[in-house]
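The values are calculated or read from the model by the stated rules, or taken from the named source; none is laboratory data. All figures in this text were calculated on a predicted structure; none of them were measured in a lab. Please note: Cβ atoms are built from the backbone with ideal geometry, for glycine as well, and neighbour counts cover all protein chains shown. With ligands, DNA and RNA removed, areas are computed over all heavy atoms of the protein, side chains included. Shrake-Rupley method; radii C 1.70, N 1.55, O 1.52, S 1.80 Å.
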Amino acid sequence: KNEVEQSPQNLTAQEGEFITINCSYSVGISALHWLQQHPGGGIVSLFMLSSGKKKHGRLIATINIQEKHSSLHITASHPRDSAVYICAVRKGGGNQFYFGTGTSLTVIP
Amino acid sequence: DVKVTQSSRYLVKRTGEKVFLECVQDMDHENMFWYRQDPGLGLRLIYFSYDVKMKEKGDIPEGYSVSREKKERFSLILESASTNQTSMYLCASSSWTGALPGELFFGEGSRLTVL
């Protein structure tokens, strides 16, 4: 069983749609990260969360520590948002990260 | 701008060859990681290091070794490459100040093909 589960695995949206990607985890954590990977590219960090909500441009990330759940929202989606989005958690008190298998998002013009 | 730099974007090697993948970070981070990424399996930890000369095995260390002689450099070594080690290899670094976790930074990745 994976410590981190993401849904959906694949997502296709029309340009302008509101998108939600979900992440559930089963371990105690010190932080949760949302990462983005474009095709053939490296991975960049979008957010690091330990509580509440963060917003950066059209991206919003929320976390509910009690429910061990986080969501990544994209408002007014654009084809350049097409990428794989990966949820990762840092285990509480530790140095290791656990990763979801990613959500592949395609935004169609 | 913070940076994690991997030495090679693309490598093609033959079975049995020794392969070195190098990673350098300029952020003075304590923690460095080597992952491999395969379709459907996500990121899997090979080794990580929390200090110079310190290393810990991850989930899939077999067939790999690592070296961290300087804080900024973490090398992954495939002693005798095999075809099942064909993969994307990603280096990452992160700070750790005890109670405060730091952000995670990745290199661009090294795509290794073993023939």
Here, strands (runs of 3 or more DSSP E) confined to the range A:1-83 with at least 3 residues that are within 11 Å of the chain's Cα centre (by Cα) and not aromatic (Phe, Trp, Tyr) are A:4-7, A:19-25, A:29-37, A:43-49, A:59-64, A:69-74
Candidate set from the range A:74-90 (those that are more than 29 Å from residue B:29 (Cα to Cα) and surrounded by 16 or more Cβ atoms within 10 Å (Cβ to Cβ)); member that is nearest to the other protein chains (Cβ to nearest Cβ):
A:82
Does at least one position in the range B:19-30 carry a residue that is open to solvent by less than 80 Å² (accessible area, probe 1.4 Å), at pLDDT 95 or above and farther than 23 Å from residue A:44 by Cβ?
yes
Hey, could you check the range A:84-109 for residues that are in a loop (DSSP other than H, G, I, E, B), more than 11 Å from the chain's Cα centre (by Cα) and over 17 Å from residue A:15 (Cα atoms) and say which is modelled with the highest pLDDT?
A:96
Would you point out which residue out of A:45, A:50 is open to solvent by 20 Å² or more (accessible area, probe 1.4 Å), over 24 Å from residue B:38 (Cα atoms) and in contact with a strand residue (DSSP E or B) (Cβ under 6 Å, 6 or more places away or on another chain)?
A:50
Mind checking whether some residue in the range A:91-99 is more than 10 Å from chain B (Cβ to nearest Cβ), of a type in the set (Ser, Thr, Tyr) and either within 23 Å of residue B:92 (Cβ to Cβ) or open to solvent by 20 Å² or more (accessible area, probe 1.4 Å) (or both)?
no
